[in-house]
Amino acid sequence: MSYIDSKYLNIIGPQLLKFKKKGDFIWNFRCPYCGDSEKSRTKARGYVFRKKNDLFYKCHNCGVGATLGNLIKYVDSKIHKDYIMERYRSGVETSDPKPEFNFDVPVFRKKGVFKNLKSISDLSTDHPARKIIEERLIPSESFSDLYLCESFYKFTNTLVPNKFPSLDGDHPRLLIPFRDEEGNIFAYQGRAFGKEQPKYITIKLEDRSRVFGLDRIDKSKHVYVVEGPLDSLFIDNCIAAVGTVREIPELENNFTLVPDNEPRNAEVVKQIKRHIDSGYNIVLWPDSMNWKDINDMIIHGYTKSQIQEIITDNTFSGAAAQLRFVEWKKVDEGSMERTIRQERTSLEL
Ligand SMILES: [Zn+2]
């Protein structure tokens, strides 16, 4: 057993009620998990004891068991970080996860085919392209993986020969790389800075489905699926892929679709109906929500955590989704049937 274990047990000791050393490698206190007993203030049925070379916790009231590390983490997460760090430094082998370093580890993504482009973080703060991105309130940690492309057609032709046979009307765009799990760029989206149409142009470099953010998510956790890559930057564990989500089999059913808020767009409404019929978890925004997508919500003052909360509160599936859908949609069935193809704001090439 490491002296570090007993040292840290003594450090959290003052936070444990009736904390006492009862013998060699036995400590006793009121259980912090269950509170031990409401009726009796003297009962203390939590024990830390030695087993082989480690200390463990067990409560004889609620039955909770934990490693010492998990007990410390439960009582005081700050002290737990110090504990992990000190064990790590001293070279103690530990079953606890690797220490969480208390600063953001910079992500060095390979620029790859973007090697000749400047990222938004490379631009001076008064550069117009950077200003546009800052005005959209895009999280600044994303700036290093968003790029300025001065001549979109010309640049694209260097990767996909003759994609744009004419360079007439060439213009700058923001490039958003679509990376695979290993961080390689397999597609990208060019977003217009001004009024150029279409607003989004997606270029495929490989024949695979256009899913943005595969390098950013943990597929073992619940995944959120939005429509726009930039919107996905505001939500934890989020990709942009509505429509092609079924092409990521690892997700199974562990995801929630978060479509844009367009209850008056017949085509969108029809697609949402299909998702509901497929049994997916889907967000139908409250009627009080006036903004079309997550980035617009952020610009109009919603915080990231407020949006996460609205998403949680307005996720539906199955019969509940069918019921909510009827009041949510602002187009009638007739116009859904007639579905006029809306002028598309994006183009996939
Ligand atoms: Zn307990």
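Ranked by the mean number of other Cβ atoms within 10 Å of their residues, highest first, the peptides 157-167, 27-37 fall in the order 27-37, 157-167.
Over the chain, what percent of the accessible surface lies on carbon and sulfur atoms, probe 1.4 Å? The nonpolar share, carbon plus sulfur, comes to 49 percent. Over the chain, DSSP H runs of length four or greater, each weighted -39,500 (n - 2.57), average out per residue to a 222 nm ellipticity of -8000 deg cm²/dmol. Judged by a Cβ-Cβ distance under 4.7 Å, the unpaired cysteines of the chain are C149, C238. Antiparallel beta bridges, as assigned by DSSP with both residues in the chain, represent about 75 percent of the total such bridges.
A 1.4 Å probe run over the protein chains yields, for the chain, 55 Å² of accessible area per residue, whole-number rounding. So what's the angle, to the nearest 10 degrees on a 0 to 90 scale, between helix 3-12 and the longest Cα principal axis of the chain? In the chain, helix 3-12 runs at an angle near 80 degrees to the longest axis.
Rounded to the nearest 10 degrees, the angle from helix 318-328 to the longest Cα principal axis of the chain is 50 degrees.
Here the Karplus curve 6.51 cos²θ - 1.76 cosθ + 1.60, taken at θ = phi - 60°, turns the phi angles of the stretch 123-132 into couplings of 7, 5, 5, 9, 5, x, 5, 5, 4, 4 Hz, with x standing for Gly and Pro. Over the Cα atoms of the chain, the radius of gyration divided by the Kirkwood radius equals 1.10; this is the Rg/Rh ratio.
Compared with the dominant principal axis of the Cα atoms in the chain, helix 77-90 is inclined by about 80°.
Fully extending the segment from E309 to V160, taken as 0.36 nm per residue of separation minus the present Cα-Cα distance, adds 49.4 nm.
The values are calculated or read from the model by the stated rules, or taken from the named source; none is laboratory data. Computed from a predicted model, the values in this text were never measured in an experiment. Backbone-built Cβ (ideal geometry, glycine too); neighbour counts: all protein chains shown. Protein only, heavy atoms only, side chains kept; ligands, DNA and RNA dropped before computing areas. Shrake-Rupley method; radii C 1.70, N 1.55, O 1.52, S 1.80 Å.
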